[in-house]
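Here's the structure, in structure tokens; my notes come after.
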Amino acid sequence: MRHHRWLERLSLVISTLFLQSIFLNFRTSSYLDFLPASQSNNFSGNHYVSPLSSSTSTVGRPTFLPRTLPNFTAEEGYDPIDTPMVMDAAVISQYRKHHSLGDKPLVYFITPTYRRPTQLLDLVQVSQSIQHDKATYWIVVEDASHGSKRVRDLLERSGMLFAHLAVNSPEAPKKLSKQKMKAMNAPRGVLQRNLGIDTVESLGVPGVIYFGDDDNKYDARLMEAIRYSRGVGIFSVGFRAEALYCRCKVDPMTGKVTGTTNRWFKNKVNYAMDMAGFCVNSELVREKHARFLQDSPPGKIEHMFLQQLVEDVTDMEPLLNNCTLIYSWHVKTVVGKPPKPKDSWDPAWKQIRPGV
């Protein structure tokens with residue numbers, strides 16, 4: 001009896017291996033039919049050039065030979081670009097005609113950014129949120145002495161009107177901890193936002209300025225909702241200061257802004273708004289010569305900027321259905337600690353390139 005059971009098991013194993021071999025032969029013989037058209041150039045006669053090897057193998061089961069990955073370091077992709085890129089008024093005019101924008105006002109989306117592991121991820125997400133609005137001009141200003149190639153490539157692929165600039169922040173704030181930065185009243189992104197404003201004014205094309213940080217998240221409808229603001233527009237921001245949102249208070253009878261709800265400011269601040277919660281007409285900024293101040297007190301960089309533009313919160317214009325809709329979220333991308341080489345399942349993990 002036991003002898004018969006062993007024979008049954010042996011026959012089952014043999015039949016399984018036979019079926020697997022048939023399946024593999026069918027799969028490899030049909031392999032070429034499933035390859036994307038972009039790989040059609042990988043074939044020469046009766047040979048297939050593996051994308052992972054410079055050698056060739058006979059058609060049938062593809063042979064993916066190991067290869068030496070290129071020397072990729074953390075510096076690659078950050079190759080400096082000496083020449084800033086600004087699409088001027090002539091390019092804007094041609095762009096308008098090509099996309100039939102007419103007289104639709106531009107939204108100048110000013111984004112300060114700095115080098116960090118999640119920089120490209122954050123910029124890709126911002127790009128995918130705003131690139132569908134063709135009347136948006138994206139101004140990206142890097143906190144560096146030179147712009148980087150990977151950021152320039154991302155901007156060029158977006159198909160948007162854009163400017164790519166760079167300016168260094170003061171050395172002291174960049175080297176200090178957040179606690180010491182607050183003690184020294186050293187907000188980040190001041191010079192970058194001001195350079196963005198200078199760029200808008202140099203173009204001479206009126207529009208609405210919005211300061212969109214690269215680590216926030218945006219609804220694609222935001223640009224259309226703020227495009228026609230005539231002064232300082234104000235609206236709600238999600239996930240701010242350990243709350244679900246902060247918003248402006250609007251008098252339902254007059255439609256005027258009466259204040260804000262922002263738990264971040266325990267003391268009284270006239271314009272207690274998040275950077276992602278307001279927009280400004282470029283003509284008003286030009287008229288008032290408004291700029292961000294490097295010596296702004298901690299947490300009051302927005303307040304010090306807005307008080308140059310309006311005298312009271314009632315002068316602000318409530319947008320997004322009287323501040324009841326949320327089209328921007330104050331969030332931050334956080335990633336885990338990268339594994340050490342000896343703990344990594346992939347010995348070449350340091351050489352893997354980002355997709356942008």
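The values are calculated or read from the model by the stated rules, or taken from the named source; none is laboratory data. All values derive from a computational prediction rather than experimental measurement. Cβ placement follows ideal geometry from the backbone for every residue including glycine, while neighbour counts extend to all protein chains displayed.
In this structure, is Val331 of a type outside the set (Gly, Ala, Ser), in contact with a Phe, Trp or Tyr (Cβ under 8 Å, 6 or more places away or on another chain), surrounded by 18 or more Cβ atoms within 10 Å (Cβ to Cβ) and modelled with pLDDT under 90? Write out each step before concluding.
Details: of a type outside the set (Gly, Ala, Ser): yes; in contact with a Phe, Trp or Tyr (Cβ under 8 Å, 6 or more places away or on another chain): yes; surrounded by 18 or more Cβ atoms within 10 Å (Cβ to Cβ): no; modelled with pLDDT under 90: yes.
Here the answer is no, as Val331 does not meet what is asked.
Restricting the search to the range 288-332, which residues are under 23 Å from the mean Cα position of the chain (by Cα) and small (Gly, Ala, Ser)? Ser328 - this is the single residue of the range 288-332 that is under 23 Å from the mean Cα position of the chain (by Cα) and small (Gly, Ala, Ser).
I'd like to know if the range 243-259 contains one or more residues that are crowded, with 22+ Cβ neighbours inside 10 Å, modelled with pLDDT under 85 and under 25 Å from the mean Cα position of the chain (by Cα). Within the range 243-259, one or more residues are crowded, with 22+ Cβ neighbours inside 10 Å, modelled with pLDDT under 85 and under 25 Å from the mean Cα position of the chain (by Cα). Residue pairs whose Cβ atoms lie under 8 Å apart, separated by 6 or more positions or on different chains, with the first residue in the range 132-159 and within 18 Å of Phe211 (Cβ to Cβ) and modelled with pLDDT of 95 or more and the second part of a helix (DSSP H, G or I) and acidic (Asp, Glu), are Asp133/Glu224.
Being part of a helix (DSSP H, G or I), modelled with pLDDT of 80 or more, surrounded by 14 or more Cβ atoms within 10 Å (Cβ to Cβ) and in contact with a helix residue (DSSP H, G or I) (Cβ under 8 Å, 6 or more places away or on another chain) is the requirement here; does Val208 meet it?
On the way: part of a helix (DSSP H, G or I): no; modelled with pLDDT of 80 or more: yes; surrounded by 14 or more Cβ atoms within 10 Å (Cβ to Cβ): yes; in contact with a helix residue (DSSP H, G or I) (Cβ under 8 Å, 6 or more places away or on another chain): yes.
No: the conditions fail for Val208.
Checked against (1) in a helix (DSSP H, G or I); (2) over 22 Å from Met275 (Cβ atoms), Asp122 passes all but condition (2).
Screening Lys288 against (1) crowded, with 22+ Cβ neighbours inside 10 Å; (2) among the charged types (D, E, K, R); (3) modelled with pLDDT of 90 or more leaves a single unmet condition, (1). Count of the range 291-325 residues, restricted to those that are among the β-branched types (Val, Ile, Thr), in contact with a strand residue (DSSP E or B) (Cβ under 7 Å, 6 or more places away or on another chain) and crowded, with 20+ Cβ neighbours inside 10 Å, is 2.
Residue-wise test of (1) out of contact with any Phe, Trp or Tyr (no Cβ under 8 Å at 6 or more places or on another chain); (2) of a type in the set (A, V, I, L, M); (3) farther than 15 Å from Tyr137 by Cα.
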site: Asn216; (1), (2), (3): no, no, yes
site: Leu222; (1), (2), (3): no, yes, no
site: Arg230; (1), (2), (3): yes, no, yes
site: Gly233; (1), (2), (3): no, no, yes
site: Val237; (1), (2), (3): no, yes, yes
site: Leu244; (1), (2), (3): yes, yes, yes
site: Pro252; (1), (2), (3): yes, no, yes
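For the subset of the range 217-242 comprising residues that are at pLDDT 75 or above and charged (D, E, K, R), which member is surrounded by the most Cβ atoms within 10 Å (Cβ to Cβ)?
Of all residues in the range 217-242, those at pLDDT 75 or above come to 217-239.
When the remaining residues are screened for being charged (D, E, K, R), the result is 217, 219, 221, 224, 227, 230.
Details: Lys217: 17, Asp219: 16, Arg221: 14, Glu224: 14, Arg227: 19, Arg230: 10.
The selected residue is Arg227.
Here is a check on your reading of the model: is Ala272 in contact with a His (Cβ under 8 Å, 6 or more places away or on another chain), at pLDDT below 85 and not charged (D, E, K, R)? Answer is yes for this residue.
Checked against the criterion of being closer than 21 Å to Asp79 by Cβ and not in a helix (DSSP H, G or I), the range 153-162 has at least one qualifying residue.
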